[in-house]
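Below is one structure, written out as structure tokens; comments come after it.
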Amino acid sequence: MKEETILTSQTEAAVTAVHRAGSVVDQPQPSSEVLLDHILTSLADDKAEDIVQIDLRGKTAIGDFMVIASGRSTRQVSAMADKLVERLKRDFGRVARIEGKDTGDWVLIDTGDVIVHIFRPEVREFYQLEKMWLPAEGDGKNN
């Protein structure tokens, strides 16, 4: 009986500590548009090149927006990704998933509502990701 009381009080203390330590759980989440603006600002501040935003609403369930940008080197691509993830956590309490940061050729950041791809220019040209999501020129569809 005494052991149960100790475990219960430890569990309650842990839950209280989590709620006090930043209140990430209770923090209101930004709209996808606010998140997109924050991401675009972060990338622009870090000198990303050829930033493209693609509205995915109504096209797929993977997210509301996709952002594609380039960095001049593997070091810049990795640094921009690191800073973006840090800013999202600091400003919104949002933990983003990140893939490819170690190589720095193509980094994918999944924020939930906005998917971010940061490429080196050569890699971006090779995959031409924009062509898969943007309407072809002259097809009459507006984006």
When residues of region 25-36 are limited to those that are out of contact with any Lys or Arg (no Cβ under 9 Å at 6 or more places or on another chain) and farther than 15 Å from Ile109 by Cα, the one modelled with the lowest pLDDT: Val25
From Ser31, Ser70, residue being of a type in the set (S, T, N, Q) and out of contact with any strand residue (DSSP E or B) (no Cβ under 7 Å at 6 or more places or on another chain): Ser31
Residue tally, condition buried (at least 18 other Cβ atoms within 10 Å of the Cβ), assigned to a helix (DSSP H, G or I), free of Cβ contacts under 8 Å to residues at least 40 places away in the same chain and under 13 Å from the mean Cα position of the chain (by Cα), over region 65-107: 3
The one condition in (1) under 26 Å from Arg120 (Cβ atoms); (2) modelled with pLDDT of 85 or more that Ala61 fails to fulfil: (1)
Residue list for region 38-52, restricted to those being in contact with a strand residue (DSSP E or B) (Cβ under 6 Å, 6 or more places away or on another chain) and either of a type in the set (A, V, I, L, M) or in a loop (DSSP other than H, G, I, E, B) (or both): Ile39, Leu43, Ala48, Ile51, Val52
Cross-chain or 6+ apart pairs with Cβ under 8 Å, region 33-51 first and at positive phi, then among the hydroxyl-bearing types (Ser, Thr, Tyr) and assigned to a strand (DSSP E or B): Asp50/Ser70
Subset tally (residues that are touching a helix residue (DSSP H, G or I) at 6+ places or on another chain (Cβ under 6 Å) and part of a strand (DSSP E or B)) for region 53-64: 1
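The values are calculated or read from the model by the stated rules, or taken from the named source; none is laboratory data. Keep in mind that this is a model prediction, so the values were computed, not measured. Methodologically, a virtual Cβ is constructed for each residue, glycine included, from the backbone with ideal geometry; neighbour enumeration extends over all protein chains shown.
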